[in-house]
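Asks: One structure, as structure tokens, below. Some questions next.
The values are calculated or read from the model by the stated rules, or taken from the named source; none is laboratory data. Computed from a prediction, not measured in an experiment: that's the story for all the values here. Virtual Cβ from ideal backbone geometry, glycine too; neighbours counted across all protein chains shown.
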């Protein structure tokens, strides 16, 4: 190897340029650092002690914005899958419904199963793997008979959510205080249910009526679209639904706009323990383009929703 070739393969580090640290623009400064938590801190102190960066900053900004929109009477809609019910969040959702903080709840078909079982027996969530071995998974008699019966008995223009909630109250189920559907029926708050046929255990039961399920679920889609049509400046939160609710929401939004309703300045949010494509595009980004804002917080439902609700309540004072 020639001397010239050796020089070309070797960098002269001594000529590297540097500059004073004082001249650099820095993204993190001492004033944004966290404050260590202390015993007996209240929620406001805890929130203000979080670092003023990234998701912690977004949580405070979003919670303040939701609180302002609630005070202004803007609609707040919660979309959800079944998992939030399974991890014990029904009482928090019911509390917001009772206090007039939620205008509507939209859920997938699986959510009504866990909501009913809690109302009926105070417990839910079977061992799927164990039941799948011999075909017992999803075949609890009362769940299929009650829910399929309630859907089949839905009135002509009644949605699936309203029909099930009404049936729960009529049957005087022992634990309706922890039922989102029963509470909604009692308070006359719309709860819409959006079903993909074949995805829920009650569709395996002989009492399932496809025509009734489809008619009642379509009625709920129309009902949700009517709510979305009023959501200018409102809030939509997607809690743990990766496909159904994001798809239903974006179609309901489009239908409302197609019919001439100005639905903009939205604040949308996705809460889930992993990030999925559809919630990101159909909840966080596409509906808010122009003059809205979307947030995506990643974490366990049983931690994220209580934290969000507590923050909103704190900033509502």
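Asks: For residue 280, all conditions in the list (1) under 13 Å from the mean Cα position of the chain (by Cα); (2) without any contact (Cβ under 8 Å) to a residue 60 or more places away in the chain; (3) farther than 19 Å from residue 85 by Cβ; (4) buried (at least 18 other Cβ atoms within 10 Å of the Cβ) hold save one; what is the number of the exception?
Replies: Here residue 280 clears every test but (4).
Asks: Being assigned to a helix (DSSP H, G or I) and over 19 Å from residue 298 (Cβ atoms) is true for just one of 97, 107. Which residue is that?
Replies: Just a single option satisfies the conditions, and that option is 97.
Asks: Additional query: Among 258, 291, which is the only one that is out of contact with any helix residue (DSSP H, G or I) (no Cβ under 8 Å at 6 or more places or on another chain), without any contact (Cβ under 8 Å) to a residue 60 or more places away in the chain, within 12 Å of residue 225 (Cα to Cα) and exposed (fewer than 15 other Cβ atoms within 10 Å of the Cβ)?
Replies: After applying the criteria, what remains is 258.
Asks: Being under 18 Å from residue 194 (Cα atoms), modelled with pLDDT of 95 or more and surrounded by fewer than 18 Cβ atoms within 10 Å (Cβ to Cβ): is that true of residue 106 here?
Replies: Criteria not met by residue 106.
Asks: Quick check on this structure: which one of 118, 92 is touching a helix residue (DSSP H, G or I) at 6+ places or on another chain (Cβ under 9 Å), part of a helix (DSSP H, G or I) and within 21 Å of residue 316 (Cα to Cα)? Please lay out each step first, then the result.
Replies: Details: 118 fails: within 21 Å of residue 316 (Cα to Cα).
Of 118, 92, the one residue that is touching a helix residue (DSSP H, G or I) at 6+ places or on another chain (Cβ under 9 Å), part of a helix (DSSP H, G or I) and within 21 Å of residue 316 (Cα to Cα) is 92.
Asks: For residue 245, are the conditions met, namely being in contact (Cβ under 8 Å) with a residue 60 or more places away in the chain, farther than 14 Å from residue 297 by Cα, buried (at least 16 other Cβ atoms within 10 Å of the Cβ) and in contact with a strand residue (DSSP E or B) (Cβ under 7 Å, 6 or more places away or on another chain)?
Replies: Answer is yes for this residue.
Asks: Can I ask one more? Looking only at residues in segment 182-202 that are free of Cβ contacts under 8 Å to residues at least 24 places away in the same chain and in a loop (DSSP other than H, G, I, E, B), which one is surrounded by the fewest Cβ atoms within 10 Å (Cβ to Cβ)?
Replies: 188
For (1) on the phi < 0 side of the Ramachandran plot; (2) in contact with a helix residue (DSSP H, G or I) (Cβ under 9 Å, 6 or more places away or on another chain); (3) buried (at least 19 other Cβ atoms within 10 Å of the Cβ), each residue gets a yes or a no:
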site: 31; (1), (2), (3): yes, no, no
site: 34; (1), (2), (3): yes, yes, no
site: 54; (1), (2), (3): no, no, no
site: 71; (1), (2), (3): yes, no, no
site: 79; (1), (2), (3): yes, yes, yes
site: 82; (1), (2), (3): yes, yes, yes
